[in-house]
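Scroll down for the structure; my scribbles are underneath it.
The values are calculated or read from the model by the stated rules, or taken from the named source; none is laboratory data. Nothing here was measured: the structure is a model prediction, and the numbers come from that model. Positions of Cβ are generated from backbone atoms using ideal geometry, with glycine treated the same way; all protein chains shown enter the neighbour counts.
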Amino acid sequence: MEESLVNEFLESLRLKGRNPTTIAEYRWNLAEYADYLSAGASAFSFFDASSESFAAYTQAVKRKNISHKTVYKKLHVVHAFYEWLKETGRILLNPLPKPKITPGQCLPRRVPCAVVLGNAYRKLRESPKLPEQRDYAVIDLAYSCGLRRCELHGLNVGDISPDDGTVRVRGKRGKERVVPVGKTTLGDLQHYIYHVRPKLLKGGTTDALFVSWMAGGKRMHLYSINAAFRRLRKRYGFDRSLVPHGLRHAFATDLIRNGAPVQDVSEMLGHAKLETTQIYTRLYPVDLKRHHEKYHPRS
């Protein structure tokens, strides 16, 4: 019964258009929660959960060597599952309190920027190795447009519009947005499309923008993107924060630091709520104060 409940819940997420990777993470986190409930017991039921048992589970999760954001994600999955049980009439009230996290805890302590990449970044651009030239295009586009890993993975060649200098992005829940691409990044991306990608295809055909050499010219897997970043950090000594989401943070904070309106940054990031973007303003209070003094009539 417990497994069928989880499967039905995950199917409801799929019907809502949630990303397959997100659904897989939900399954893993719910399995972890089920293991916790069943530890030392011959049988367990999700319906036996209480605020006290959830508080104990929360403490068990926090004792792990994981980030605040990961802790929040794990707790949010369990809470969302019980919300679904309530919505489908299986329980009257959600017995679990909604997890909370301080907005600033979602951000890395040190945000990477273009300067951090330095000489190694230029070496990667000029690398004779085709996979590294592709990886350079991935990193460059991730930073230039603030894209999520799943968005990089889902890009097709037809999503790039050189005439407009934009890229069409399919974000969470299938929502599309159009994001501007810098001229330098667009030029490098076109070099990849016309001179690097055809060689990686090995005669194959696909609409995918970023393709895998090892997979015989098929679309790069999500985990292959992670692996590529790990290899680059090890080979070139990049900062450990050089990951797709780290570059997304850099994109947002650099724009806000240089005076871009939060509303515009929120639209480019594809955030559903403006409050999600506003956490980046906490990183540069001095810059924001200077902008306020410069532009506000009552400063």
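Here are a few things to note about the model shown:
- For the criterion of being touching a helix residue (DSSP H, G or I) at 6+ places or on another chain (Cβ under 7 Å) and either loosely packed, with under 12 Cβ neighbours inside 10 Å or of a type in the set (Asp, Glu) (or both), Lys62 fails.
- Selection within region 182-219 - exposed (fewer than 12 other Cβ atoms within 10 Å of the Cβ), at pLDDT 85 or above and in a loop (DSSP other than H, G, I, E, B): Asp207
- Residue within region 136-143 that is within 28 Å of Arg235 (Cα to Cα), hydroxyl-bearing (Ser, Thr, Tyr) and surrounded by fewer than 22 Cβ atoms within 10 Å (Cβ to Cβ) present: no
- Test: residue in region 210-228 that is among the polar types (S, T, N, Q) and under 10 Å from Arg134 (Cα atoms): yes
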